[in-house]
Amino acid sequence: PGASGWRSGGAAMRDQWNREIDYLRISITDRCNLRCRYCMPEEGVTWFEHSQILTYEEIIRLCRIFYELGIRKVKVTGGEPLVRKGVPWLIRALKESCHMEQVTLTTNGVLLKEQIGGLVEAGLDGVNISLDTLNREKFLEITRRDQLSEALDGLEEALRYQELNVKVNCMPAAYNLDEVTAIAGLAKDDPLTVRFIELMPMGPCAAWPKERFLPVTEILNRFPALEEIEPNGVARRYRLPGAMGTVGLITPMSHEFCGACRRIRVTADGKLKGCLHSREEISLRGLHGRELEDAILRGILQKPKGHHLTEHASDTPRTMNEIGG
Ligand code: SAM
Ligand code: SF4
């Protein structure tokens, strides 16, 4: 690699470990309409000032450069991205003026019912809906808000759009293990992917006792009939006999997937992060042209080989809602 990155003749970016980087996750707000206990405290959050948050125009300008450097897929996240106004405008611009091949959104689903039509029309390719429980009281306990029915309505509405790739993300922990069969069952009658993702010790849950975290492989014990489809990569996919959809396991803790990581992140306040768990950040705000390209390539070079979550909590001083989960 040269002093400012590893790239030649329009080829995709590679980091110093030779991983190809083509996927950007961008947080468009740190605000949220829920307060999931593992992600945010109920009170005392210091929000970014509005002036600190990247404007849509800034995001689009950055993403044009990201495209030139080889990024082809963008995930819009937060905080809760749908609490910010005008997301369809952003989706359309990412597709049409930045030429991104795949634009997806991660949401808690609460505001999805009324917004999904506009998002699909704008070109959204897929939506990941986070859902840790199907039980109203437990939803209230986990998210501190009584909005399960809104989240389920959002999911149902999303499933009306056949062209949309719908995934449900569930984080199994000690408190919802009894529900994983029911949650996986969402894939029975609909062509969606249910993904179980290990909780990572960062933000509020960094201080939780170890017993509350659950290796996602526990899930496998509950589904002896699961047949593995794809053993490699970040998500391992399984077929659930008789189901229209599939089940995925994402094991950042127990089976480190860093070797297959193709992603970089931009925080709501415009900092480039090579890894969710590292302290290193590069501010992209106010940079233009060659200076901006160099900063991005430097960030990619700094992407660490892996995390150390099995030894200690995340190194990042940030919470998930700021970085973008
Ligand atoms: N608000 C949206 C949502 O909940 O889908 C998008 C942002 S949220 C930070 C993105 C994802 O990060 C959610 O699926 C959430 O469950 C996950 N998440 C939050 N804290 C986490 C943690 N400590 N470990 C693993 N995943 C986490
Ligand atoms: Fe909000 Fe998503 Fe964090 Fe829950 S996980 S508090 S929905 S940002």
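With the requirement that a residue be over 18 Å from Leu276 (Cβ atoms) and either aliphatic (A, V, I, L, M) or within 12 Å of ligand 1 (Cβ to nearest atom) (or both), what does the range 81-104 give you? Working first, answer last.
So the first thing to find is which residues in the range 81-104 are over 18 Å from Leu276 (Cβ atoms), and the list is 82-103.
Across the range 81-104, the qualifying residues are Leu82, Val83, Arg84, Val87, Leu90, Ile91, Ala93, Leu94, Met100, Val103.
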Yes or no: the range 170-189 includes at least one residue that is near ligand 1 (Cβ under 9 Å from one of its atoms) and either within 18 Å of the chain's Cα centre (by Cα) or assigned to a loop (DSSP other than H, G, I, E, B) (or both). yes
Does Ala182 satisfy the criteria of being modelled with pLDDT under 95 and of a type outside the set (Ser, Thr, Tyr)? yes
Can you find a residue that is surrounded by fewer than 17 Cβ atoms within 10 Å (Cβ to Cβ), at positive phi and out of contact with any Cys (no Cβ under 6 Å at 6 or more places or on another chain) anywhere in the range 78-93? yes
Lys138 versus (1) surrounded by 19 or more Cβ atoms within 10 Å (Cβ to Cβ); (2) more than 16 Å from Glu218 (Cβ to Cβ); (3) of a type in the set (D, E, K, R): which is the lone unmet condition? (1)
Please count how many residues of the range 116-147 are touching a strand residue (DSSP E or B) at 6+ places or on another chain (Cβ under 8 Å) and away from ligand 2 (no atom under 16 Å from the Cβ). 6
Residues located in the range 107-123, provided they are within 15 Å of ligand 1 (Cβ to nearest atom) and either acidic (Asp, Glu) or buried (at least 22 other Cβ atoms within 10 Å of the Cβ) (or both): Thr107, Asn108, Gly109, Val110, Leu112, Ile116, Leu119
Quick check on my filter: what residues within the range 102-123 are within 15 Å of the chain's Cα centre (by Cα) and either charged (D, E, K, R) or part of a loop (DSSP other than H, G, I, E, B) (or both)? Asn108, Gly109
Filter result (touching a residue at least 60 places away in the same chain (Cβ under 8 Å), within 15 Å of ligand 2 (Cβ to nearest atom) and of a type in the set (A, V, I, L, M, F, W, C)) within the range 166-198: Met171, Ala173
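For residues in the range 38-68 being buried (at least 20 other Cβ atoms within 10 Å of the Cβ) and either in a loop (DSSP other than H, G, I, E, B) or of a type in the set (Ser, Thr, Tyr) (or both), which is farthest from ligand 2 (Cβ to nearest atom)?
Step one: of the range 38-68, the residues buried (at least 20 other Cβ atoms within 10 Å of the Cβ) are 38-40, 53-54, 59, 62-63, 66.
This time we only want the ones that are either in a loop (DSSP other than H, G, I, E, B) or of a type in the set (Ser, Thr, Tyr) (or both), so: 38-40, 53-54.
Details: Tyr38: 7, Cys39: 3, Met40: 5, Ile53: 15, Leu54: 17 Å.
Selected residue: Leu54.
Tally time: how many residues in the range 124-161 are farther than 24 Å from Val103 by Cβ, part of a helix (DSSP H, G or I), more than 13 Å from ligand 1 (Cβ to nearest atom) and not hydrophobic (A, V, I, L, M, F, W, C)? Walk me through how you get there before you give the answer.
Taking the range 124-161 and keeping what is farther than 24 Å from Val103 by Cβ, we get 132-149, 152.
Filter once more, keeping what is part of a helix (DSSP H, G or I): 136-143, 148-149, 152.
Next, only the ones that are more than 13 Å from ligand 1 (Cβ to nearest atom) stay: 136-138, 140-141, 148-149, 152.
Add one more test, that the residue is not hydrophobic (A, V, I, L, M, F, W, C), and what stays is 136-138, 141, 149.
Selection size over the range 124-161: 5.
Restricted to the range 237-270, and to residues that are charged (D, E, K, R) and out of contact with any strand residue (DSSP E or B) (no Cβ under 6 Å at 6 or more places or on another chain), which residue is modelled with the lowest pLDDT?
Initial filter on the range 237-270 (charged (D, E, K, R)): 237, 239, 256, 262-263, 265, 269.
The next check asks that each one be out of contact with any strand residue (DSSP E or B) (no Cβ under 6 Å at 6 or more places or on another chain); those that pass are 256, 269.
Numbers: Glu256: 65, Asp269: 94.
Within the range 237-270, the match that is modelled with the lowest pLDDT is Glu256.
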What number of residues in the range 199-223 are within 16 Å of ligand 2 (Cβ to nearest atom) and either of a type in the set (Gly, Ala, Ser) or in contact with a strand residue (DSSP E or B) (Cβ under 7 Å, 6 or more places away or on another chain) (or both)? 2
Those residues that are assigned to a helix (DSSP H, G or I) and farther than 16 Å from Gly123 by Cβ, I need them from the range 83-101; list them, please. Val83
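The values are calculated or read from the model by the stated rules, or taken from the named source; none is laboratory data. All of these numbers come straight from a predicted model, not from anything done at the bench. For neighbour counting, all protein chains shown are included, and Cβ atoms are generated from backbone atoms with ideal geometry for every residue, glycine included.
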